[in-house]
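Engineer: Please see the structure below; I have some questions.
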Amino acid sequence: MEQTDKRHNFWQLLVVSSLIFGMFFGSGNLIFPVHLGQMAGQNWFTAALGFAVSGSLFPLLAILAVVVTKSDGLYDLAKPVSAKYAAVFLVLVHLTIGPFFGTPRTAATVYQMAAEPFLPKQWTTLGQWLFTAAFFALAYVLATHQNSLVKVVGKYLNAGFLALLAVVFVVAFLKPMGNVAHTPTVAYQTNASISGLLEGYNTIDAVALLALSVTFVHAVRGLGYRDKELTRLTAKAGTLSIVLEVLVYFGLVLLGTLSLGQLKLSDNGGVALSQIVGHYFSNFGTAFLGVLVTLGVFTTALGLVTSFAQDFHKLFPKVSYLAWLRVTTVASFLVANAGLDNIIAWSLPVLMLLYPMSLALILVSLTVAKKLYASVVYKTTIAVTAVPAVLDMLANAPAVVATFGPVAAVLHAYHTYVPFASLGLGWLVPTGLAFFLSLAWGHFRLVAQESAERAR
């Protein structure tokens, strides 16, 4: 009986790991590493390490932050800052990874790589509307059956995606297109690891996992796990899925670097991946890649629409889960038809704002959530982080904003005097100082209060 229980627990660990992996491994996770490999050239390994930190380690920490604090969603996680901040942050995150950017990007990517190549040019626009309508209709239907979410994502869709990706790796590495001795682009010649880390921002995973975690926590509870068992299983499953993702990332980065033996630097990872698969699979390659991308991306879309509906129903309980599900699927459908290039361009400034705020929240949640002085650390760290985050957002805004007189002057000073600001990491030092100073102040204040009480 004990051996049977072990096999059962191991199987559930694999299923939940696959669920976590499938929830956030989508279009960006598939195409950005390939382009990174082409840009990094011979420095592909150090660039991949940086990408793994922001694309894998940060999301794992986001999962652990939700589980360790026993938060039932993003709102609970951010509430120690203040209830109003938690509500605003939840809305911003879900709109970003949901109907404004993240979710539409999944459908737009799948259409561009899996459907558009097979359509005549005169049918492109109509085809996009019909394809995205079918895409989100299916996502809606599956998201209405939350009890089967683990089975659908963890067992079927994700298994198919990994099998197809494995075929690409085996064929490409057995018969490589070249070697890794290629000159990196300027950004990757001296700061390959930092450039790789910033490239990992584009996956949106650290931000997304703060919101998506509630979905698979509910799924794990549906398997009968509670409290410490839930924490232990989720931590193990999260770690296993992240390890798998790192291996996939390194494979994709190396795939991109090797492709320079016969291909030129592409405009983006989608083009690069299409060319690589086409090289190995000829006319069949486009259809093969379409299936690969569809399986990889649809799991992410399913997780995004589900978590959006769950969290917004919790924040606005008078509106049902199904109503919020309809809102996000319809809105995502409309935005998806703006086109992939526009969606990516519009999302960058918002990501530069939300990433530092998310990482600061993860930091305080993992370290001081249960401390008596947690409130001051939460408030101070988040408040200080907001300043460079807003400046990074302005720096990456459209030129009409970034070059406006007063804004340009402030950004010049910011990039000149704040460490790492010119690299897009200006939040690191202010956030670190705010965290440690408020942590020390809170600790000494608590000690002083305890000493005063003993003296009475």
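Engineer: Would you confirm whether any residue within the stretch 98-110 is within 16 Å of Ala211 (Cα to Cα), in contact (Cβ under 8 Å) with a residue 12 or more places away in the chain, in contact with a helix residue (DSSP H, G or I) (Cβ under 6 Å, 6 or more places away or on another chain) and among the hydroxyl-bearing types (Ser, Thr, Tyr)?
Structural biologist: Yes: one or more hits.
Engineer: Do any helices (runs of 4 or more DSSP H) lying entirely in the stretch 296-403 carry at least 3 residues that are over 25 Å from Ala86 (Cβ atoms), and which ones are they? Explain how you work it out, then say what you get.
Structural biologist: Values: elements: 321-336, 340-368, 374-395, 399-402.
Of the helices (runs of 4 or more DSSP H) lying wholly inside the stretch 296-403, those with at least 3 residues that are over 25 Å from Ala86 (Cβ atoms) span 321-336, 340-368, 399-402.
Engineer: Does the stretch 335-347 include one or more residues that are modelled with pLDDT of 90 or more and surrounded by fewer than 20 Cβ atoms within 10 Å (Cβ to Cβ)?
Structural biologist: Within the stretch 335-347, the subset modelled with pLDDT of 90 or more is 335-337.
Filter again for surrounded by fewer than 20 Cβ atoms within 10 Å (Cβ to Cβ), leaving 337.
Scanning the stretch 335-347 turns up at least one residue that is modelled with pLDDT of 90 or more and surrounded by fewer than 20 Cβ atoms within 10 Å (Cβ to Cβ).
Engineer: If I filter the stretch 166-176 down to residues being modelled with pLDDT of 90 or more and surrounded by fewer than 17 Cβ atoms within 10 Å (Cβ to Cβ), which single residue comes out as nearest to Val246 (Cα to Cα)?
Structural biologist: Phe169
Engineer: Take the stretch 84-112 and flag every residue that is under 26 Å from Leu126 (Cα atoms) and aromatic (Phe, Trp, Tyr).
Structural biologist: If the condition is that a residue be under 26 Å from Leu126 (Cα atoms) and aromatic (Phe, Trp, Tyr), then Phe100, Phe101, Tyr111 are the ones that fit.
Engineer: Tell me which helices (runs of 4 or more DSSP H) are completely within the stretch 187-271 and hold 2 or more residues being more than 20 Å from Thr299 (Cβ to Cβ), in contact (Cβ under 8 Å) with a residue 12 or more places away in the chain and of a type in the set (Ser, Thr, Tyr), or say none if there are none. Steps first, answer last, please.
Structural biologist: Numbers: elements: 187-190, 192-201, 205-222, 227-259.
Here the list reads 192-201, 227-259.
Engineer: Only one of Leu363, Leu340, Leu348 is closer than 24 Å to Leu126 by Cβ and touching a residue at least 40 places away in the same chain (Cβ under 8 Å); which?
Structural biologist: On the way: Leu363 fails: closer than 24 Å to Leu126 by Cβ; Leu348 fails: closer than 24 Å to Leu126 by Cβ.
Testing whether each residue is closer than 24 Å to Leu126 by Cβ and touching a residue at least 40 places away in the same chain (Cβ under 8 Å) leaves just Leu340.
Engineer: Looking only at helices (runs of 4 or more DSSP H) that fall completely inside the stretch 1-81, which ones have 1 or more residues that are at pLDDT below 85 and in contact with a helix residue (DSSP H, G or I) (Cβ under 9 Å, 6 or more places away or on another chain)?
Structural biologist: In the stretch 1-81, 2-24, 27-40, 58-68, 74-78 are the helices (runs of 4 or more DSSP H) which contain 1 or more residues that are at pLDDT below 85 and in contact with a helix residue (DSSP H, G or I) (Cβ under 9 Å, 6 or more places away or on another chain).
Engineer: Inside the stretch 398-456, can you point out the residues that are surrounded by fewer than 16 Cβ atoms within 10 Å (Cβ to Cβ), farther than 15 Å from Met352 by Cβ and aromatic (Phe, Trp, Tyr)?
Structural biologist: The answer is Phe404, Tyr417, Phe436, Trp441, Phe444.
Engineer: Ok, one more. If Thr183 meets every condition in (1) modelled with pLDDT of 90 or more; (2) crowded, with 17+ Cβ neighbours inside 10 Å apart from one, which number is that one?
Structural biologist: (2)
The values are calculated or read from the model by the stated rules, or taken from the named source; none is laboratory data. Remember, predicted model here, so these are calculated numbers, not experimental data. Methodologically, a virtual Cβ is constructed for each residue, glycine included, from the backbone with ideal geometry; neighbour enumeration extends over all protein chains shown.
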